[in-house]
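K.L.:
To start, I am sharing the structure in question, which I have written as structure tokens.
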Amino acid sequence: MSKGRRLRRAAAAGGQLTERTLTEGWAGPARIRVRQAIPADLPAIAELAPLAGVQLDDALAEAVRDGSSGAGLRTGIRQGQLDFQRHMAIEFATGGVVSAYLHASLVLVADHRDQGVVGTLLAYPPGNLVTELVRSGLISLSEQSGQQTTMLASVTLTKIKAVAVAEHARGQGVGAALLKRCKQIYFHCGYMLLYGQMPPTPGLDAFYRRSGFEVQQPGEPIDLWVVLGIHANAVPGADERIFHRRQLPG
Ligand SMILES: CC(C)(COP(=O)(O)OP(=O)(O)OC[C@H]1O[C@@H](n2cnc3c(N)ncnc32)[C@H](O)[C@@H]1OP(=O)(O)O)[C@@H](O)C(=O)NCCC(=O)NCCS
């Protein structure tokens, strides 16, 4: 192995966050590398995501294909938080809300040396939550304050939509490795809250707690005041639990 390649491997294993480590992957447990998804991974992702009760939606798949998925995050990784926010503001103005949210989406895979993709993580700012805020009259998209909240949500809040590992690869830290890189990337870009909803499967709460997330009681909402400046609740489904991890400034 060349010296450059050895150094890159070492940097990846050490957990450095660069565009290159995101693309080439960080060495993880059980002979996997965690990396950003490429179009060729989409069939495997579409097969894994339903294990977490989620279908890979067409817009996200298309964004992986055309490279716009995570484009904002890559700017943040390369140039820092301010440029990430600038990228998002420009995308809002030129591409619109959906496109901007896709620029902040993250699709990771756990790629096994011999078996290919054995795990995936899908995350993006919570468009549904914004729709709900509009529906309940808390914000209006025709007002500047409503547009600002929509923009603010996309650069401060992200929802972990799915973490899924093939059954034969579970219990070796693959799921934890996917969560670790997800936190590292979003917190680097200045996000304040990562959250998701989990079904009442025994053991899942321990899985998220071990990765540093807090887990709410079944049905218990979280108030997004501290992030959005309005008392908006993220509410889980009837028997679901919210898991969340905050990184507040200061
Ligand atoms: C949850 C999941 C991603 C964990 O992946 P993983 O690679 O096995 O995770 P890790 O090896 O890092 O951690 C394993 C730990 O998670 C916990 N755990 C996670 N899912 C569990 C389940 N379905 N049953 C029991 N324990 C589970 C256990 O505490 C386990 O620890 P153990 O190995 O000491 O028993 C994987 O079990 C999975 O894909 N489940 C189906 C999809 C799903 O439920 N996703 C979460 C929806 S929000």
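K.L.:
Could you please find all residues in segment 175-209 being away from the ligand (no atom under 13 Å from the Cβ) and aromatic (Phe, Trp, Tyr)?
P.N.:
We begin by selecting, within segment 175-209, every residue away from the ligand (no atom under 13 Å from the Cβ); these are 183-193.
Correct list: 186, 187, 191.
K.L.:
Looking at 163, 227, which is the one that is open to solvent by less than 40 Å² (accessible area, probe 1.4 Å) and either more than 14 Å from the ligand (Cβ to nearest atom) or in contact with a Pro (Cβ under 7 Å, 6 or more places away or on another chain) (or both)?
P.N.:
Criteria check complete, one pass: 227.
K.L.:
Give me a count of the residues in segment 71-114 that are over 18 Å from the mean Cα position of the chain (by Cα) and of a type in the set (D, E, K, R).
P.N.:
Residues of segment 71-114 that are over 18 Å from the mean Cα position of the chain (by Cα), as a first pass: 79, 82-83, 86, 89-96, 112-114.
Now restrict to residues that are of a type in the set (D, E, K, R): 83, 86, 91, 113-114.
The qualifying residues number 5.
K.L.:
So how many residues does segment 89-112 have that are among the aliphatic types (A, V, I, L, M), part of a helix (DSSP H, G or I) and over 17 Å from residue 159 (Cα atoms)? Steps first, answer last, please.
P.N.:
So the first thing to find is which residues in segment 89-112 are among the aliphatic types (A, V, I, L, M), and the list is 89-90, 93, 97-98, 100, 102, 104, 106-110.
Going one step further and asking which of them are part of a helix (DSSP H, G or I), we end up with 89-90, 93, 97-98, 100, 102.
Cutting the leftovers down to over 17 Å from residue 159 (Cα atoms) gives us 89-90, 93.
Number of matching residues: 3.
K.L.:
Then there's this: Looking at segment 232-243 only, could you name the residues that are within 12 Å of the ligand (Cβ to nearest atom) and open to solvent by less than 30 Å² (accessible area, probe 1.4 Å)?
P.N.:
Start the filter on segment 232-243 by keeping residues that are within 12 Å of the ligand (Cβ to nearest atom), which leaves 236-237, 240-243.
Scanning segment 232-243 gives 236, 237, 242, 243.
K.L.:
Of everything in segment 63-85, what is open to solvent by 40 Å² or more (accessible area, probe 1.4 Å), out of contact with any Gly (no Cβ under 9 Å at 6 or more places or on another chain) and farther than 22 Å from residue 41 by Cα? Give them in sequence order.
P.N.:
78, 79
K.L.:
Looking only at segment 32-62, which residues are part of a loop (DSSP other than H, G, I, E, B), within 15 Å of the ligand (Cβ to nearest atom) and without any contact (Cβ under 8 Å) to a residue 40 or more places away in the chain?
P.N.:
Residues of segment 32-62 that are part of a loop (DSSP other than H, G, I, E, B), as a first pass: 37-38, 53-57.
Filter once more, keeping what is within 15 Å of the ligand (Cβ to nearest atom): 53-56.
Scanning segment 32-62 gives a single hit, 55.
K.L.:
With respect to residue 157, is the statement that it is at pLDDT 90 or above and more than 12 Å from the ligand (Cβ to nearest atom) true? Even if it seems obvious, please write down each step before you answer.
P.N.:
On the way: at pLDDT 90 or above: yes; more than 12 Å from the ligand (Cβ to nearest atom): yes.
So residue 157 fits the description; yes.
K.L.:
While we're here: Quick one: which of 102, 129, 106 is in contact with a strand residue (DSSP E or B) (Cβ under 9 Å, 6 or more places away or on another chain) and closer than 24 Å to residue 239 by Cβ?
P.N.:
Values: 102 fails: closer than 24 Å to residue 239 by Cβ; 106 fails: closer than 24 Å to residue 239 by Cβ.
When all the criteria are applied, what remains is 129.
K.L.:
Next question, about the same structure. Those residues that are outside any helix (DSSP H, G or I) and open to solvent by less than 20 Å² (accessible area, probe 1.4 Å), I need them from segment 126-160; list them, please. Even if it seems obvious, please write down each step before you answer.
P.N.:
So the first thing to find is which residues in segment 126-160 are outside any helix (DSSP H, G or I), and the list is 126, 136-143, 157-160.
Selection gives 126, 139, 157, 158, 160.
K.L.:
Condition check: surrounded by fewer than 17 Cβ atoms within 10 Å (Cβ to Cβ), more than 12 Å from the chain's Cα centre (by Cα), under 18 Å from residue 15 (Cβ atoms) and more than 8 Å from the ligand (Cβ to nearest atom). Does residue 212 satisfy that? Walk me through it before giving the result.
P.N.:
Values: surrounded by fewer than 17 Cβ atoms within 10 Å (Cβ to Cβ): yes; more than 12 Å from the chain's Cα centre (by Cα): yes; under 18 Å from residue 15 (Cβ atoms): yes; more than 8 Å from the ligand (Cβ to nearest atom): yes.
Against the criterion (surrounded by fewer than 17 Cβ atoms within 10 Å (Cβ to Cβ), more than 12 Å from the chain's Cα centre (by Cα), under 18 Å from residue 15 (Cβ atoms) and more than 8 Å from the ligand (Cβ to nearest atom)), residue 212 qualifies.
K.L.:
Here is a follow-up. I'm told residue 171 meets every condition in (1) touching a strand residue (DSSP E or B) at 6+ places or on another chain (Cβ under 8 Å); (2) open to solvent by 20 Å² or more (accessible area, probe 1.4 Å); (3) modelled with pLDDT of 95 or more; (4) within 12 Å of the ligand (Cβ to nearest atom) except one. Can you identify the failing condition by its number?
P.N.:
Of the numbered conditions (1) touching a strand residue (DSSP E or B) at 6+ places or on another chain (Cβ under 8 Å); (2) open to solvent by 20 Å² or more (accessible area, probe 1.4 Å); (3) modelled with pLDDT of 95 or more; (4) within 12 Å of the ligand (Cβ to nearest atom), the odd one out for residue 171 is (1).
The values are calculated or read from the model by the stated rules, or taken from the named source; none is laboratory data. Keep in mind it's a predicted model, so treat the numbers as computed, not measured. FYI the Cβ positions are ideal-geometry reconstructions off the backbone, even for glycines, and counts take in every protein chain you see. Surface areas here come from the heavy atoms of the whole protein model, side chains and all, with no ligands, DNA or RNA. Shrake-Rupley method; radii C 1.70, N 1.55, O 1.52, S 1.80 Å.
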